[in-house]
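Here the structure is laid out as structure tokens; the discussion comes afterwards.
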Amino acid sequence: MMSAPLIIGNTLLKLDAVESTNTWAHTLLKNQNIHEGLVVWALDQTRGRGQMGTNWHSVPGESLTFSVILSPGFLPVKDQFLLNKAISAGLHEYATSRLPASVFIKWPNDLYIGYKKAGGVLIENILSGTGIQHSIIGIGLNLNQHVFEGLPGATSFLQETGKRYNPEEELHLLLSILDKWYLKLRNGHQEEIRLRYSQCLLGWQRPLKFRHKDAVFTGMVSAVDNAGYLHLTLEDGTSEKFGMKEIEWLF
Ligand code: BTN
């Protein structure tokens with residue numbers, strides 16, 4: 001039984017088609033007084049956006065694409081990655097409850113089933129001084145796709161289980177779990193969030209191959225700090241940290 005959401009999903013705006021639900025959320029924030037928790041859900045996105053300026057391709061009826069508007073003014077900018085961790089922990093809990101296979105979060109916040117990507121998160125923070133005024137959390141999930149043209153590293157829930165998923169039902173379940181994790185963040189349960197995020201990570205304390213510049217090496221994920229840097233422990237026991245564009249995963 002799902003309880004009514006306290007914040008995330010308290011208001012749901014369902015749209016047929018938009019360029020991008022994140023872009024739509026930005027426009028809403030500019031033009032209206034929005035109270036936090038509003039979800040913009042689109043059946044179709046014509047110009048979905050991914051991390052680092054990439055495109056996010058989705059197919060109506062096969063994908064779930066939505067954005068949540070939050071106002072985490074309590075979170076200092078220097079700790080902003082804690083929000084990514086809380087959202088990732090929720091996404092992981094949701095996906096684990098829906099899929100029999102091993103589910104991971106690939107740093108920073110991609111949803112992986114085994115070694116394939118089944119979903120992504122684009123978090124855009126609007127800062128004001130040392131605080132976060134608003135945060136737009138955009139989530140895209142591959143629910144029912146069966147063709148992945150030009151995307152050999154992608155998968156979907158259907159591909160993994162042979163079952164079709166109802167996007168609206170999945171949305172409500174996911175929102176209720178995200179709400180629970182956002183409340184943990186608001187209520188100061190930072191240690192629990194850090195721990196859960198770490199335990200969800202692909203490569204957490206397990207050797208994996210990476211490429212940095214021209215060097216290929218083995219490393220184990222040992223931490224992600226509050227600024228979002230990935231810390232790897234290398235074979236010689238030393239530790240190095242990497243930013244988003246600096247490292248490639250080889251698997
Ligand atoms: C990534 O893995 O690169 C992040 C993908 C995020 C996609 C979602 S779909 C809903 C929301 N609207 C967008 O334009 N992007 C996010």
Some residue of the stretch 21-31 being touching a residue at least 12 places away in the same chain (Cβ under 8 Å) and part of a loop (DSSP other than H, G, I, E, B): no
Filter the stretch 51-82 for residues that are over 12 Å from L141 (Cα atoms) and open to solvent by 60 Å² or more (accessible area, probe 1.4 Å) and give the result. M52, G53, T54, N55, F74, K78
Selection over the stretch 106-143 where residues are open to solvent by less than 10 Å² (accessible area, probe 1.4 Å) and away from the ligand (no atom under 15 Å from the Cβ) yields a count of 1
Restricting attention to the stretch 47-68, report how many residues are outside any helix (DSSP H, G or I), over 25 Å from D179 (Cβ atoms) and within 9 Å of the ligand (Cβ to nearest atom). 3
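Being within 16 Å of the ligand (Cβ to nearest atom) and either open to solvent by 10 Å² or more (accessible area, probe 1.4 Å) or more than 20 Å from R49 (Cα to Cα) (or both) is the filter here, so list the residues in the stretch 166-186 that pass it. Steps first, answer last, please.
First, the residues of the stretch 166-186 that are within 16 Å of the ligand (Cβ to nearest atom): 167-168, 170-171, 174-175, 178.
P167, E168, E170, L174, L175, L178 - these are the residues of the stretch 166-186 that are within 16 Å of the ligand (Cβ to nearest atom) and either open to solvent by 10 Å² or more (accessible area, probe 1.4 Å) or more than 20 Å from R49 (Cα to Cα) (or both).
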If we ask which residues in the stretch 83-105 are open to solvent by 10 Å² or more (accessible area, probe 1.4 Å), within 13 Å of the ligand (Cβ to nearest atom) and closer than 18 Å to G153 by Cα, their number turns out to be 0
Residue by residue through the stretch 197-207, note down the ones that are surrounded by fewer than 18 Cβ atoms within 10 Å (Cβ to Cβ) and touching a strand residue (DSSP E or B) at 6+ places or on another chain (Cβ under 7 Å). S198, Q205, R206, P207
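The values are calculated or read from the model by the stated rules, or taken from the named source; none is laboratory data. Because the structure is predicted, anything quoted here is derived from the model rather than measured. As a convention, Cβ positions derive from the backbone with ideal geometry for all residues, glycine included, and neighbour counts pool all protein chains shown. Protein only, heavy atoms only, side chains kept; ligands, DNA and RNA dropped before computing areas. Shrake-Rupley method; radii C 1.70, N 1.55, O 1.52, S 1.80 Å.
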